[in-house]
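One structure below.
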Amino acid sequence: MAAQIGTVLGIGLVFLGFGALLLRRSLIWKLLGLNVASGGAIVFLVALSHRPGAVPPLSGYPEGTPSADPLPQALVLTAIVIHFATLALSLAYAISLTERFHTQETGRIEAAAEEEMER
Amino acid sequence: MKRALTIALLATLLGILLFGLTDLFPPAEVRPWAEMARAYGAGNGVASIVLGSRLYDTLLEVLVFALAMVGVRYTLKPLGKWREPVVPERGVVREMADVLLPVIIVFAVYLAASGHLGPGGGFPAGAIAGSGLLLLAMAKGIERLSRELHEGTLEPLEYGTIAVLLVLGCLSIPLNHRGSGLLVVFNLLIGIEVTIGAWVVLHYFASHRGEI
């Protein structure tokens, strides 16, 4: 049951995040949406590694106890770190774009960039 | 038109994801990992995967992390520094930082050094030490902390850590060298790397933020 709840929660978060990423116009909102979608993917992977009545994948539990799947958890470790790094980098780019074009709306940034290209 | 297309795309994505909830794909058997963990000298299934059977994945991940931090550094550097202190000093934070900081640092080192036996590892340890640095920055002010940490030496230290990590990792697989000692060294190096990365993000986002 817990695995199902986690899976549905993860899918819902991914859906919400992608919705914000596609429908919002502001750069910061888009990055926030990406952040939420990434959190949903992490919840989904953790729910995937759950087994009923399982213990964490550590040694020291009695032989024969079912344990959670360590592989999705290792993937989650990678996902969190890469997510942190790429989010920092994209926020830095957003700051530098805002500094240059004085707006965070993607449409206006595109228009300003095209104007600059023509000049 | 664009909006309708977007919503259709999202609905398709949701449908594909919900398809996984049906019983058509039962969760896979957990493959026995205790044997493998013992072979790599670990007591933690996740550590034996991250630093054992998928070591190259982790090494390149750390490389990606370091490259992203280099990108942050060189994107935000031209924006210029803020003159006034970003975070005002507060007496309460300074007193609490004196009490909490030793505990945080010791806990981070403990997590990195025992990450192959229990829950923990280099990445969470680095994140904890990075939040310790955040606490110190709030107590002392970013610029003063940056001078005390010798900002100039952190950059070579970061690149040196990456180089040592890559060389060690690339040598350990062909030479078939395994054991707990290697995992401890990997975890400590990854912890140093992530701490410096967190400090770079903290420092550059707080002090270089343009004129607007």
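The values are calculated or read from the model by the stated rules, or taken from the named source; none is laboratory data. No experiment lies behind these values; they were computed from the predicted model shown. When we count neighbours, we look across all protein chains shown, and the Cβ atoms used for this are built from the backbone with ideal geometry, even at glycine.
Would you pick out the residues in the stretch A:10-28 that are buried (at least 16 other Cβ atoms within 10 Å of the Cβ), without any contact (Cβ under 8 Å) to a residue 24 or more places away in the chain and either of a type in the set (S, T, N, Q) or part of a helix (DSSP H, G or I) (or both)?
Answer for the stretch A:10-28, where residues must be buried (at least 16 other Cβ atoms within 10 Å of the Cβ), without any contact (Cβ under 8 Å) to a residue 24 or more places away in the chain and either of a type in the set (S, T, N, Q) or part of a helix (DSSP H, G or I) (or both): A:Gly17, A:Phe18, A:Gly19, A:Ala20, A:Leu21, A:Leu22.
Looking for whichever is within 14 Å of chain A (Cβ to nearest Cβ) and modelled with pLDDT of 90 or more here; the options are B:Ile196, B:Ile212. Which one fits?
Numbers: B:Ile212 fails: modelled with pLDDT of 90 or more.
None of the others qualify; the one that does is B:Ile196.
Please count how many residues of the stretch B:110-139 are surrounded by fewer than 19 Cβ atoms within 10 Å (Cβ to Cβ), assigned to a helix (DSSP H, G or I) and more than 17 Å from the chain's Cα centre (by Cα).
Looking only at that region, the number is 1.
Filter the stretch B:155-204 for residues that are under 30 Å from B:Lys81 (Cα atoms), surrounded by 17 or more Cβ atoms within 10 Å (Cβ to Cβ) and hydrophobic (A, V, I, L, M, F, W, C) and give the result.
Kept after step one, since they are under 30 Å from B:Lys81 (Cα atoms), are these residues of the stretch B:155-204: B:155-162, B:190-204.
Next, only the ones that are surrounded by 17 or more Cβ atoms within 10 Å (Cβ to Cβ) stay: B:158, B:161-162, B:190-204.
Result: B:Ile162, B:Ile190, B:Ile192, B:Val194, B:Ile196, B:Ala198, B:Trp199, B:Val200, B:Val201, B:Leu202.
Is it the case that some residue within the stretch A:30-49 is at the interface with chain B (Cβ under 10 Å from one of its Cβ atoms) and part of a loop (DSSP other than H, G, I, E, B)?
Scanning the stretch A:30-49 turns up at least one residue that is at the interface with chain B (Cβ under 10 Å from one of its Cβ atoms) and part of a loop (DSSP other than H, G, I, E, B).
Can B:Ala47 be described as within 13 Å of chain A (Cβ to nearest Cβ), touching a His at 6+ places or on another chain (Cβ under 7 Å), modelled with pLDDT of 85 or more and crowded, with 16+ Cβ neighbours inside 10 Å? Lay out the reasoning, then the answer.
On the way: within 13 Å of chain A (Cβ to nearest Cβ): yes; touching a His at 6+ places or on another chain (Cβ under 7 Å): yes; modelled with pLDDT of 85 or more: yes; crowded, with 16+ Cβ neighbours inside 10 Å: yes.
Here the answer is yes, as B:Ala47 does meet what is asked.
Restricting attention to the stretch A:103-112, report how many residues are closer than 28 Å to B:Val70 by Cβ and surrounded by 13 or more Cβ atoms within 10 Å (Cβ to Cβ). I'd like the intermediate steps shown before the answer.
Residues of the stretch A:103-112 closer than 28 Å to B:Val70 by Cβ: A:103-104, A:106, A:109-110, A:112.
Imposing the further condition that a residue be surrounded by 13 or more Cβ atoms within 10 Å (Cβ to Cβ) reduces the set to A:103-104, A:106, A:109, A:112.
So the answer is 5.
Restricting to the stretch B:50-87, what's the tally of residues that are at pLDDT 85 or above and outside any helix (DSSP H, G or I)?
1
For A:Ile82, all conditions in the list (1) farther than 30 Å from A:Ala111 by Cα; (2) surrounded by fewer than 16 Cβ atoms within 10 Å (Cβ to Cβ); (3) at pLDDT below 90 hold save one; what is the number of the exception?
Looking at each condition in turn, A:Ile82 falls short on (3).
Scan the stretch B:50-63 residue by residue and report those that are within 22 Å of A:Ser67 (Cα to Cα), of a type in the set (A, V, I, L, M, F, W, C) and within 9 Å of another protein chain (Cβ to nearest Cβ). Write out each step before concluding.
Restricting attention to the stretch B:50-63, the residues satisfying the condition of being within 22 Å of A:Ser67 (Cα to Cα) are B:50-54.
Restricting the remaining residues to those that are of a type in the set (A, V, I, L, M, F, W, C) gives B:50-51.
Listed by number, the list holds a single entry, B:Val50.
Could you give every pair whose Cβ atoms fall below 7 Å, whose first residue belongs to the stretch B:100-116 and is farther than 26 Å from B:Ala37 by Cβ, and whose second residue is in a loop (DSSP other than H, G, I, E, B) and basic (Lys, Arg), counting only separations of at least 6 or pairs across chains?
none
Give the residue, chosen from A:Thr65, A:Thr7, A:Thr98, that is more than 10 Å from chain B (Cβ to nearest Cβ) and either closer than 27 Å to B:Arg54 by Cα or part of a helix (DSSP H, G or I) (or both).
Working: A:Thr7 fails: more than 10 Å from chain B (Cβ to nearest Cβ); A:Thr98 fails: more than 10 Å from chain B (Cβ to nearest Cβ).
Step by step, each of A:Thr65, A:Thr7, A:Thr98 is checked, and only A:Thr65 is more than 10 Å from chain B (Cβ to nearest Cβ) and either closer than 27 Å to B:Arg54 by Cα or part of a helix (DSSP H, G or I) (or both).
Being more than 7 Å from chain B (Cβ to nearest Cβ) and free of Cβ contacts under 8 Å to residues at least 12 places away in the same chain is the filter here, so list the residues in the stretch A:68-95 that pass it.
Residue satisfying the conditions is A:Phe84 alone.
Here's a check for you: in the stretch B:35-44, which residue that is assigned to a helix (DSSP H, G or I) and crowded, with 16+ Cβ neighbours inside 10 Å is farthest from the other protein chains (Cβ to nearest Cβ)?
First pass over the stretch B:35-44, keeping only residues assigned to a helix (DSSP H, G or I): B:35-39.
From what's left, crowded, with 16+ Cβ neighbours inside 10 Å: B:36-37.
On the way: B:Met36: 9, B:Ala37: 6 Å.
Filtering the stretch B:35-44 for residues that are assigned to a helix (DSSP H, G or I) and crowded, with 16+ Cβ neighbours inside 10 Å, the one farthest from the other protein chains (Cβ to nearest Cβ) comes out as B:Met36.
Report, by residue number, each residue of the stretch B:8-26 that is touching a helix residue (DSSP H, G or I) at 6+ places or on another chain (Cβ under 8 Å) and either more than 26 Å from A:Ala68 (Cα to Cα) or at the interface with chain A (Cβ under 7 Å from one of its Cβ atoms) (or both). Let's see the steps before the verdict.
From the stretch B:8-26, those touching a helix residue (DSSP H, G or I) at 6+ places or on another chain (Cβ under 8 Å) are B:9-10, B:13-14, B:17-18, B:20-21; that's our starting set.
Residues satisfying the conditions are B:Leu9, B:Leu10, B:Leu13, B:Leu14, B:Leu17, B:Leu18, B:Leu21.
What single numbered condition from (1) over 23 Å from A:Leu87 (Cβ atoms); (2) part of a helix (DSSP H, G or I) fails to hold for B:Val30?
Result: B:Val30 passes all but (2).
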